[in-house]
1. Which of the aspartates and glutamates could a cross-linker bridge to K139, judged by Cα under 13 Å and excluding same-chain residues fewer than eight apart?
2. For the range 326-403, rounded, prolate or oblate, judged on the Cα gyration tensor with a ≥ b ≥ c (square roots of eigenvalues), a/c < 1.5 rounded, else prolate if a/b > b/c?
3. Report relative contact order for the range 109-242 in percent, whole number only (criteria: Cα-Cα under 8 Å, sequence separation at least 6).
4. If I take every Cα pair under 8 Å that is 6 or more residues apart in the range 317-367, average their sequence separation and divide by the length, what percent do I get for the relative contact order?
5. Return one quarter of the surface area of the convex hull spanned by the alpha-carbon atoms of the chain, equal to its mean projected area, in nm².
6. Percent of Cα-Cα pairs more than 22 Å apart in the range 67-150, please.
7. In 5 Å bins starting at zero, report the fraction of Cα pairs in the range 219-259 per bin as a rounded %.
8. Taking the highest mean first, how do the peptides 181-187, 328-334, 286-292 order by number of other beta carbon atoms within 10 angstrom per residue?
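Please treat every number below as a calculation from the coordinates, not as lab data. Owing to the predicted nature of the structure, the values given are computational and were not obtained by experimental measurement. Using ideal geometry, Cβ is built from the backbone for each residue, glycine included, and neighbour counts are taken over all protein chains shown.
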Amino acid sequence: MTRTLNFRSLFGLVAAACLATTSMAQDSSASSAWKTLFNGEDLSGWHGQPHFDPYKLAELSDEERQAKIAEWTEDAKKHWSVENGELVNDGHGAYLTTDETYSDYELKLEYRTVAKADSGIYLKGTPQVQIWDSTDEGKFSLGANLGSGALWNNSPGAAGKDPLVKADKPFGEWNSVRIVQVGSRTSVWLNDQMTVDHAIMENYWRRDEPLPPSGPIQLQTHGGEIRWRNIMVRPIEIDEANDILASHHTDGFQSVFDGKTLDGWVGAVNDYEVTEDGTIQCQKGKGGNLLTEKEYDDFTVRLRFRLPPRGNNGLAIRAPLQGNPAYAAMTELQVLDNDHPAYAKLDQRQYHGSAYGMAAAKRGYLRPTGEWNFQQVTVIGPTIRVELNGNIILNTDLSQIDDYMADSPHPGKTRKSGHFGFAGHNDPVEFKDISIREEK
């Protein structure tokens with residue numbers, strides 16, 4: 001098992017410890033209905049946790065982890081209270097942290113704070129949607145003058161780092177926050193004004209990895225009193241999550257599949273079929289390369305795919321009409337049921353999203369087998385970026401790679417143009433909603 005597979009259950013370990021400590025958590029995946037996270041009476045469903053690396057927390061033994069959480073929770077109780085149905089923090093102590101973990105979700109809450117206060121909302125255990133005093137001149141150099149509601153821990157210049165608008169209300173008034181989190185993609189509204197537009201939230205703890213697949217919601221506190229109320233979460237189901245991903249940043253994309261025929265496609269057209277549901281499916285027991293008639297140089301492709309158990313296929317990138325795309329094309333990006341026992345001992349460069357035999361993708365971000373996934377691939381020059389279900393799982397420059405699986409050469413990796421398509425491996429993998437934007 002690789003590190004990424006282990007961390008797939010990273011926050012599950014922490015959640016289990018919290019359940020053992022409080023026994024008050026609820027199942028966030030059971031329904032897409034709104035759930036109240038704060039009952040207006042006590043701290044049920046919450047525990048204490050400061051700014052502490054969750055990966056290190058998960059590495060502790062169960063006993064050590066439970067002891068840490070119990071210690072932090074006792075500290076939190078000294079600084080958090082409930083007044084008039086409001087959750088109040090005095091500006092000190094451990095952050096209040098949900099016992100339950102969440103993957104894709106919508107979060108709503110209200111907060112009211114004071115001058116000089118500095119706070120935030122951790123998503124999937126990661127800092128943070130910033131809340132601070134936008135009038136504090138001492139923090140203007142840090143961006144306080146731009147307002148709250150942005151992903152302050154993103155890299156300078158990255159999308160989401162600074163708020164799109166300044167939407168803070170004057171002190172003494174309640175501010176409303178709405179957050180939509182799908183994978184690492186984050187959108188934020190502060191007082192009904194969008195401050196973050198579907199930006200990738202960077203993993204503060206491990207900058208070279210996406211956000212963990214799931215994690216808790218944390219209310220950060222320091223610097224002054226802050227009050228919270230009307231804290232609610234709605235888990236987002238898979239189809240809605242995929243629709244959210246597909247609906248953003250759509251400019252320039254052109255469909256290359258009409259949902260009815262294989263018009264516009266060449267190659268192994270007899271090995272694929274269009275299903276009654278309007279998907280392209282590799283016929284069971286057949287394979288071959290189904291390619292677009294058109295060739296592309298720099299492009300971005302968006303699609304949805306669904307894997308059967310043990311499913312195996314691939315995306316041919318800048319492929320010629322003949323030859324194995326894994327070697328003759330710029331690359332074949334794996335499409336694979338990572339968790340099937342048959343694939344337990346593959347080279348890391350053979351799992352889903354990897355540039356076959358050259359660069360390994362991060363694992364742990366596929367939907368359950370039989371569910372639809374949303375994937376976007378951007379190819380610019382020798383670089384490839386793969387985004388799966390809102391998470392960047394591969395970002396590589398193939399021109400810099402000279403270590404190949406089994407020392408097999410990849411003569412096609414320097415191709416500057418070619419066809420896009422599917423490299424079938426005898427499994428009924430399905431694809432739909434396929435669109436391409438040429439990058440100029």
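1. D118
2. It comes out oblate by the Cα gyration axes.
3. 32
4. 26
5. Numbers: hull surface 87.0 nm².
With the hull built on Cα positions only, its mean projection is 21.7 nm².
6. Percentage above 22 Å: 36.
7. Taking all Cα pairs of the range 219-259, the binned fractions are 5, 12, 13, 14, 12, 10, 10, 10, 5, 4, 3, 1 percent.
8. 328-334, 181-187, 286-292
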